[in-house]
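Quick notes on the structure that follows.
The values are calculated or read from the model by the stated rules, or taken from the named source; none is laboratory data. Remember, predicted model here, so these are calculated numbers, not experimental data. With ideal geometry, Cβ positions are generated from the backbone for all residues, glycine too; neighbour counts draw on all protein chains shown. Calculation scope for accessible area: heavy atoms of the full protein, side chains included, ligands and nucleic acids excluded. Shrake-Rupley method; radii C 1.70, N 1.55, O 1.52, S 1.80 Å.
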Amino acid sequence: MALDAPHARPSGPPGADGPPFEGDEVLPCGRLLSQVWERARDTAADPHTASCLYCREAVEGLTALTEATRALCATEDTSALRALTERVMDVVRAEVRLGRLLPLADPERDLLIAESAAAKVLRRAADTVPGARAAACRLRPEGEGADVRVTLTLAAALDRPLPDRVRQVRRSVLHSARHDLGLAVTAVDITVTGVLEPEQPPEPGPVTGGGA
């Protein structure tokens, strides 16, 4: 399970239909992480959790974290405690660095790509448009298939109409997502957050005369 941001657990379990606690994560399927965890601990089977990839991944990740926490609390060996702590932190650091795992639109293979890797490729695609520089790129799944929505922030020069440049960036990002990565991108939301100086054309070199 990818960890987008650290969220503290509430002091008490929220009800399935109660208000979310501050910072609760909403999974791509629309359910709150806290509600998924509470329902997974109930004895009654939940059909949605059983069939939802995102809920199952969340439950597996929280189960592993719970078991590691219990092991930490139970051990009295200082060296073993330190080693176990380092293993848990290595997993957490790797999850934060990679971001969520996104499905590729390949019906014949079950392929995933880390959000950080895909975002790097799409930022580079945006940068190929003259007068545009990508600042941040986020990707999130839509629905329960392989569809992905891209959110991009960038700085742009104003030497040409801004809507035209944004459309060109969107086309470049969509092309790269489809042909370089194999992502099924449904939309590219672009926000311009900065202004660039227009690129200056190179100055012509000195003109040399012909023969005498």
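Under 7 Å by Cβ, and 6 or more places apart or on different chains, what pairs join a residue from the stretch 35-58 that is of a type in the set (Lys, Arg) with one that is open to solvent by 30 Å² or more (accessible area, probe 1.4 Å)?
Listed pairs, sorted by first residue: ARG39/ALA16; ARG39/ASP46.
Filter the stretch 115-131 down to residues that are on the phi < 0 side of the Ramachandran plot and in contact (Cβ under 8 Å) with a residue 40 or more places away in the chain, then give me how many there are.
10
Restricting to the stretch 107-126, what's the tally of residues that are over 12 Å from ILE190 (Cα atoms) and open to solvent by 60 Å² or more (accessible area, probe 1.4 Å)?
Qualifying residue count, the stretch 107-126: 8.
Considering only residues that are closer than 15 Å to GLY194 by Cα and open to solvent by 40 Å² or more (accessible area, probe 1.4 Å), look in the stretch 131-152 and name the one that is farthest from the chain's Cα centre (by Cα).
ARG133
At pLDDT 75 or above and not in a loop (DSSP other than H, G, I, E, B), is that true of SER34?
yes
Quick check on my filter: what residues within the stretch 157-184 are in contact (Cβ under 8 Å) with a residue 40 or more places away in the chain and open to solvent by less than 50 Å² (accessible area, probe 1.4 Å)?
Of everything in the stretch 157-184, those that are in contact (Cβ under 8 Å) with a residue 40 or more places away in the chain and open to solvent by less than 50 Å² (accessible area, probe 1.4 Å) turn out to be ALA157, VAL169, SER172, VAL173, SER176, ALA177, LEU181, GLY182, LEU183, ALA184.
Within the stretch 45-74, take every residue that is touching a helix residue (DSSP H, G or I) at 6+ places or on another chain (Cβ under 9 Å), modelled with pLDDT under 75 and closer than 17 Å to SER34 by Cα and give me the one that is surrounded by the fewest Cβ atoms within 10 Å (Cβ to Cβ).
Selected residue: LEU65.
Is it the case that the stretch 91-106 has a residue that's modelled with pLDDT under 75 and open to solvent by less than 40 Å² (accessible area, probe 1.4 Å)?
Yes, some residue in the stretch 91-106 is modelled with pLDDT under 75 and open to solvent by less than 40 Å² (accessible area, probe 1.4 Å).
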